[in-house]
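Before any comments, here is the structure.
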Amino acid sequence: MQYTIEARELTSEYTHRPTTDDAPRRTQVEARTADDAIAQFVRENASELVNMTTPLTGRESIATVKRNDSVYLVRVYAG
């Protein structure tokens, strides 16, 4: 199944405030599940998964990912 991953930087360790870039970075990956898709994204971006929430019903999972000095909000959905 194909998943779209949108990553948006929330904060930077150096500024301690949200960044000004509002455009999310989109990536598409092939994976069996949303969990597999985010795991692949984390590996490919040398990141650390901080938290992931998958609603009982719905089509979107939300994760928090840390990379170097920044924290990202990551949305994962089929399509």
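The values are calculated or read from the model by the stated rules, or taken from the named source; none is laboratory data. Small disclaimer: the values here were computed from a predicted structure and weren't measured. In this analysis, Cβ positions are derived from the backbone assuming ideal geometry, glycine residues included, and neighbour counts consider all displayed protein chains. We work out accessible area using only protein heavy atoms, side chains counted, and drop any ligands, DNA or RNA first. Shrake-Rupley method; radii C 1.70, N 1.55, O 1.52, S 1.80 Å.
A few comments on the model shown:
- In nm, spacing of pseudo-spin labels at residue 25 and residue 45 (7 Å Cα→C-beta vector): 0.6
- Relative packing of peptides 42-50, 69-77, 29-37 - highest average C-beta neighbours within 10 Å first: 69-77, 29-37, 42-50
- Modelled spin-label separation between residue 35 and residue 1, with each label point placed 7 Å from Cα along the Cα-to-Cβ direction: 1.3 nm.
- Accessible carbon and sulfur surface of the range 33-79 relative to its total accessible area, %, 1.4 Å: 51
- Surface per residue (accessible, 1.4 Å probe) for the range 22-63, Å²: 72
- Listed values for the range 63-78 are Karplus-derived 3J(HN,Hα) couplings in whole Hz (6.51 cos²θ - 1.76 cosθ + 1.60, θ = phi - 60°), namely 10, 10, 10, 10, 9, 6, 9, 10, 10, 10, 8, 10, 9, 10, 8, 5, and x replaces Gly and Pro.
- Amide proton proximity set for residue 70, modelled H, under 5 Å, gap of 5+: 13
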